[in-house]
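Accompanying notes for the structure given below.
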Number of protein chains: 2
Amino acid sequence: MSSKSARKEILALFHQRGDDFVSGAQISRALGVSRTAIWKQIEALRKLGYDIEAVTSRGYRLRATPDTLLPGAIQAGLQTTLIGRDIVYLESTDSTNQHAYTLGESGAVEGTTVIADFQSGGKGRLGRRWCSPAGVNFYGSILVRPVIPSYCAPRLTFVSAVAVAEAIQASSGLPARVKWPNDVLIGGRKVAGLLNEMSAETERIHFVVFGIGVNLNMDAEQFPPDLRYPATSLRIELGRSVSRVAFARELLQQLDHWYRLYLQDGIAPVLARWQELFDLMDQQVEIETPQGPLRGVVAGLDEDGALLLRLPSGARERILAGDVRPLAGKE
Amino acid sequence: MSSKSARKEILALFHQRGDDFVSGAQISRALGVSRTAIWKQIEALRKLGYDIEAVTSRGYRLRATPDTLLPGAIQAGLQTTLIGRDIVYLESTDSTNQHAYTLGESGAVEGTTVIADFQSGGKGRLGRRWCSPAGVNFYGSILVRPVIPSYCAPRLTFVSAVAVAEAIQASSGLPARVKWPNDVLIGGRKVAGLLNEMSAETERIHFVVFGIGVNLNMDAEQFPPDLRYPATSLRIELGRSVSRVAFARELLQQLDHWYRLYLQDGIAPVLARWQELFDLMDQQVEIETPQGPLRGVVAGLDEDGALLLRLPSGARERILAGDVRPLAGKE
């Protein structure tokens, strides 16, 4: 057994025990390694920031987990079928999407997840940058291999948007809302960004990388001054920090749920939930399209994820891409 | 000036002259290098298979070009704006698409073209193999970077299908026809296969690789016995070999024309031409869809490239993917 998997097993045992002690002999039996080896791994875990109490004749007890997004910490108690079975943690990388894309090209399994503490070149939509300071947020990229033609790929944007909004609501109680076609907002301010990238041929997808950045414990002064849209973080909204590890675990579970639901039942249940999380239903909006601005009332989404707009003439327009701006007045 | 670009310039000079001689002094002046250097490059060209006549006091004359798909040979007289400005020739590769994709990731310019004499792992649609013997056919991959969202990518299938059919007709006079959604046929037999691959995010394409394989001078016994569809080559249809270099040049020109037309005027003129090249318009067909077989009469294409099928009930169905089989009887 490698040191890494030994530590993972020890953390899993601590997790099972909760606040109780687990003896060195028990750990030794469970892992099939010597007590001296166990002691070495306990020391290694302490260096990684785990607060582990040791009491003679009682054993070890986990008092606190570091809020570092280590695979073992996230995977302890993780209940997923596909997502996050393999987690790669990087203290620093150019872009988790880039790293996951490269893994995808070399055949990494579905659900492989790349998480970084810091991104030097975090990618946003349309070649923009995603502000990625160290130690405070979640930056992750999850590789999936759905057996669908490439024209279905835009649907996956709705899968990750719903998963992120649900994870924010579940872990903070804050009313997260989705923005068409992607991004997640709280009170009209951007709290998460989504950038899905794919490698595909016309009739099938090789793989998709769900790129997800969520502002968790970032302070107001950490945002760059030139943001295109107003932004926020869970910490700013709540007035306190949140656990990054707990958030990451919740997010992977939500993504596992919504992605598997999509594979099983198609995009309809995902779009139904997305529309509940969408603030602009039945609202007057203006959409900046490649053909110019268009005004109308939002009438929903179709099965391709296109926005349906009811024009003043009564005609319905199907919008596949564009920037949506709410106008005053609900219909 | 590198040896390679010197040879390219010399070939361009020969091409301008046609059957006339060009003196060593003229070449020397045009290239700004010594006559000894010219002589060295003439020798190098002869080794590559160029038949160059040398006559004292008259100079050099190109009698015959080898039918090797060398960049200089294809580029001599090539009239394109975007496609084939950079050509990479490989005697052997696993897959030209793979090579072009890797070039795309490292920032190669739009129009970069990878051509191989032999592919050890030639890719067909849906993970199938593309039979790629050496010395007889065309295997090429062309990198483009259209500024369009990824849901438009399937349209590019029609761009390359029309270009390939036109190139076959122009260089052989044979009535090439298109198959929905891709591939090119002569008399119902497959003569060319298309495999477009892309790297994209939801709202924009990073790049697309047009993968094109055309059976030019392959003999009947060179086809594998287990082909899914009947296949043919230009040589089998014509009863004589065709020039691979001339075909490659024609193909790059057609692709340049249709791709630029798409960028300028959208997909409509491409789809209009595609429909003229499509044998199954107004025909009774059965389509194998993921939801089961569907029968009806082909009523055309919509702007997304979906096949429009008129069902016996009179309803119109939009088919995005599937295998089409003609049934007896035109409506």
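The values are calculated or read from the model by the stated rules, or taken from the named source; none is laboratory data. Please read all numbers here as calculations on a predicted model, not as lab measurements. Note: ideal-geometry Cβ built from the backbone for every residue, glycine included; neighbour counts use all protein chains shown.
Restricting A:Leu280, A:Leu251, A:Leu234 to residues that are in contact with a Pro (Cβ under 7 Å, 6 or more places away or on another chain) and more than 30 Å from B:Pro181 (Cα to Cα) narrows the list to A:Leu280. Screening A:Arg125 on (1) at pLDDT 95 or above; (2) of a type in the set (D, E, K, R); (3) farther than 18 Å from A:Arg249 by Cα shows it passes everything except condition (1).
Residue-level check: of (1) within 14 Å of chain B (Cβ to nearest Cβ); (2) not in a loop (DSSP other than H, G, I, E, B), A:Arg235 misses just (1).
Applying the criterion of being within 14 Å of chain A (Cβ to nearest Cβ) and of a type in the set (Ser, Thr, Tyr) to the residues of the stretch B:122-157, the residue that is nearest to B:Val270 (Cα to Cα) is B:Thr157. A count restricted to the stretch B:180-198 and to residues that are closer than 18 Å to B:Asn217 by Cβ and in contact with a Ser or Thr (Cβ under 6 Å, 6 or more places away or on another chain) stands at 3. The single condition among (1) under 27 Å from B:Tyr89 (Cα atoms); (2) modelled with pLDDT of 90 or more; (3) surrounded by fewer than 24 Cβ atoms within 10 Å (Cβ to Cβ); (4) within 17 Å of the chain's Cα centre (by Cα) that B:Ala134 does not meet is (2).
In this structure, does A:Leu255 turn out to be within 30 Å of A:Leu103 (Cβ to Cβ), buried (at least 16 other Cβ atoms within 10 Å of the Cβ), in the same structural domain as A:Trp180 (by TED's automatic domain parsing) and without any contact (Cβ under 8 Å) to a residue 12 or more places away in the chain? No, not satisfied. All conditions but one from (1) in contact with a Lys or Arg (Cβ under 9 Å, 6 or more places away or on another chain); (2) surrounded by fewer than 16 Cβ atoms within 10 Å (Cβ to Cβ); (3) in a helix (DSSP H, G or I) apply to A:Thr102; the one that does not is (1).
Scanning for something under 30 Å from B:Ile319 (Cα atoms) and within 19 Å of the chain's Cα centre (by Cα), does the stretch A:209-230 turn up at least one residue? Yes, the stretch A:209-230 contains a residue that is under 30 Å from B:Ile319 (Cα atoms) and within 19 Å of the chain's Cα centre (by Cα).
In the stretch B:142-171, of all residues being at pLDDT 95 or above and not in a helix (DSSP H, G or I), the one that is surrounded by the most Cβ atoms within 10 Å (Cβ to Cβ) corresponds to B:Ile142. Do we find that B:Ala176 is away from every other protein chain (no Cβ under 11 Å), modelled with pLDDT of 95 or more, more than 20 Å from B:Ile115 (Cα to Cα) and surrounded by 21 or more Cβ atoms within 10 Å (Cβ to Cβ) in this structure? Criteria met by B:Ala176. Applying the criterion of at least 2 residues that are more than 32 Å from the chain's Cα centre (by Cα) to the helices (runs of 4 or more DSSP H) found wholly in the stretch A:14-91 leaves A:24-31, A:35-47. Quick test for you: out of A:Gln119, A:Gln75, pick the one residue that is closer than 30 Å to A:Pro225 by Cα, touching a residue at least 12 places away in the same chain (Cβ under 8 Å) and more than 14 Å from chain B (Cβ to nearest Cβ). Answer to the selection: A:Gln119.
Under the condition of being over 24 Å from B:Val147 (Cβ atoms) and of a type in the set (A, V, I, L, M, F, W, C), the residues counted in the stretch A:127-157 number 9. For the stretch A:181-216, the tally of residues that are surrounded by fewer than 24 Cβ atoms within 10 Å (Cβ to Cβ) and aromatic (Phe, Trp, Tyr) stands at 1.
Looking at this structure, is B:Leu263 within 14 Å of chain A (Cβ to nearest Cβ) and surrounded by fewer than 20 Cβ atoms within 10 Å (Cβ to Cβ)? Judged against the criteria, B:Leu263 is a match. Going through (1) in contact with a helix residue (DSSP H, G or I) (Cβ under 6 Å, 6 or more places away or on another chain); (2) in a loop (DSSP other than H, G, I, E, B); (3) closer than 15 Å to A:Trp130 by Cα; (4) more than 11 Å from chain B (Cβ to nearest Cβ) one by one, A:Val242 falls short only on (3).
Is it the case, given these coordinates, that A:Thr56 is loosely packed, with under 13 Cβ neighbours inside 10 Å and among the β-branched types (Val, Ile, Thr)? The answer is yes for A:Thr56.
Note on the stretch A:55-69: among residues that are in contact with a helix residue (DSSP H, G or I) (Cβ under 8 Å, 6 or more places away or on another chain) and closer than 14 Å to A:Ile10 by Cα, the one that is modelled with the lowest pLDDT is A:Thr65. Considering the stretch A:206-230, the residues that are touching a residue at least 60 places away in the same chain (Cβ under 8 Å) and of a type in the set (Gly, Ala, Ser) include one that is nearest to A:Val184 (Cα to Cα), namely A:Gly213.
Does at least one position in the stretch B:81-91 carry a residue that is of a type in the set (Gly, Ala, Ser) and touching a helix residue (DSSP H, G or I) at 6+ places or on another chain (Cβ under 9 Å)? Within the stretch B:81-91, one or more residues are of a type in the set (Gly, Ala, Ser) and touching a helix residue (DSSP H, G or I) at 6+ places or on another chain (Cβ under 9 Å). Filtering the stretch A:179-195 down to residues that are within 14 Å of the chain's Cα centre (by Cα) and within 14 Å of chain B (Cβ to nearest Cβ), which residue is farthest from A:Trp274 (Cα to Cα)? Among those that are within 14 Å of the chain's Cα centre (by Cα) and within 14 Å of chain B (Cβ to nearest Cβ), it is A:Leu195.
Yes/no matrix, rows are residues, columns are (1) part of a loop (DSSP other than H, G, I, E, B); (2) at pLDDT 95 or above; (3) within 14 Å of another protein chain (Cβ to nearest Cβ); (4) out of contact with any helix residue (DSSP H, G or I) (no Cβ under 8 Å at 6 or more places or on another chain):
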{"residue": "B:Glu197", "(1), (2), (3), (4)": "no, yes, yes, no"}
{"residue": "B:Glu203", "(1), (2), (3), (4)": "yes, no, yes, no"}
{"residue": "B:Val208", "(1), (2), (3), (4)": "no, yes, yes, no"}
{"residue": "B:Gly211", "(1), (2), (3), (4)": "no, yes, yes, no"}
{"residue": "B:Leu216", "(1), (2), (3), (4)": "yes, yes, no, no"}
{"residue": "B:Pro224", "(1), (2), (3), (4)": "yes, no, no, yes"}
{"residue": "B:Phe247", "(1), (2), (3), (4)": "no, yes, no, no"}
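Considering only the stretch A:253-273, state which residues are over 18 Å from A:Ile148 (Cβ atoms), of a type outside the set (S, T, N, Q) and in contact with a helix residue (DSSP H, G or I) (Cβ under 8 Å, 6 or more places away or on another chain). Correct list: A:His257, A:Arg273.
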